[in-house]
Every structure is written in C-alpha cells, then in structure tokens.
Amino acid sequence: MKHLVTIILLILSLTTYCKDDFNSIYKNTLKYEGTKYVKNKIEESKYGITNYYSKDVKNLTKGKAYNIAYNKIYKTHRINEIKDKDVKMFIFDWLYHSSPTKAIKNIQMVLRIEADGVIGTETIKAINSYKGDLVKELKITRLKYVRSLKHYKKYKTNWEDRINNIV
C-alpha cells in the first residue's frame, strides 16, 4: 500500500511540474497576444485563439483559451516531451501563432527529417538530440517564413519582435 501511495504522489507531482512548465510558457506567449475579440476578413481571434481552435471565439473566456492552448496545442503536439525549455517555448509559440502544420513542417526541415507536419516520435527524438543552437536555427526559419506572408508588411514590427524576443 505504501508503494501505491508513493507512485500516486509521484505521478501527481510530475503532472503539476508539467503544468507549471506550461504555465510559464503560456504566460510568455500571451505577452504577444490580445485579450479582445478581433474579426478580420480571414479569421476571428481572442487571446490568440482563432476559429481554427474554437467555433465560438467571440465568447471565449480566458479559462477556455488556456484549456485550448494546453490540450490542443501543448499536449496534442507533444510539446511537453521536449526537454529544453527554450526550445519548448519557441515551438509552442510558433504553433500558437501560426498554422500548426506549416510551423511543424518548417521545424522538421530545420531538423532535416521528413516534413509531414506531425510532431511524432521521430520529431521529438530529433528535437531532443539536436546538436547546435536549435532556437537560433528555428528563429532564422520562422523569420524567413513570416517574411513570405502577404500580411508581413502590416505586422512586420510585431512579428519580428515576437520571434526575436520570445526566448
């Protein structure tokens, strides 16, 4: 019975640790996101969550945005399995701020693995065993990506500030 209690306490402490890690990453990303409802020709957003993740963005609460970020981005894309916190923070922000599939394909190109747009076991292994400054390489690639977007001129200053300072 003592062993069972010890195992349960260990699992609970790991869950809390993972959530604490997410909390700091999420808080950092929110520095670059608006809290008001915004609708343009392309999409709606609030707290950086777009209609890609929620059908009712207009009525999105801060708590619901947090749950979406944790469950649909952080956990679904296995960011919690990345060992380096700066890499984890940068990748989470990129997926949060962009099309996850496009972001992941760009990340996989930096890693020189098949760019299938899914963070699976091979991608996690490549991220965690990367030799060199992965954040620097990802920044270069992300900057190149946003500079190719048609709205780049309008958002240039904010996007580049975010990419250069998120980590």
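Before moving on, here are some points about what is shown:
- From the coordinates shown, mean projected area of the Cα convex hull in nm² corresponds to which of (i) 10.2; (ii) 11.3; (iii) 8.9: (ii)
- Counting only trypsin sites (Lys or Arg not before Pro) that DSSP places in a loop and that have at most 14 other Cβ atoms within 10 Å, the longest clean stretch of the chain runs over 1-30.
- Vicinal HN-Hα couplings computed from phi for region 25-42 (Karplus, 6.51 cos²θ - 1.76 cosθ + 1.60; Hz; Gly/Pro x): 5, 5, 4, 5, 5, 5, 4, 9, 10, x, 9, 9, 6, 10, 10, 10, 5, 9
- Under 5 Å between amide hydrogens, built in the peptide plane, is the criterion, and for residue 50 it picks out nothing among residues at least 5 positions away or on other chains.
- Karplus-based coupling profile of region 106-119, in residue order and whole Hz: 5, 4, 5, 5, 4, 6, 6, 10, 4, 8, 9, x, 10, 8, with θ = phi - 60° in 6.51 cos²θ - 1.76 cosθ + 1.60 and x standing for Gly or Pro.
- Inter-label distance for residue 161 and residue 41, nm, one decimal - labels placed 7 Å from Cα along Cα-to-Cβ: 2.5
- Two-site label geometry, residue 86 and residue 71: point separation in nm, points 7 Å out along Cα→Cβ: 3.4
- Aspartates and glutamates whose Cα lies under 15 Å from that of residue 85, excluding same-chain neighbours fewer than 8 positions away: 20, 21, 93, 133
- Legend: residue pairs 58/153; 125/156; 39/150; 41/156; 19/83; 75/102, Cα-Cα distance threshold 24 Å; pairs beyond threshold, 58/153; 125/156.
Values in this text are rule-based calculations from the coordinates and carry no lab data. Quantities reported herein were computed from a predicted structural model and do not represent experimental measurements. Please note: Cβ atoms are built from the backbone with ideal geometry, for glycine as well, and neighbour counts cover all protein chains shown.
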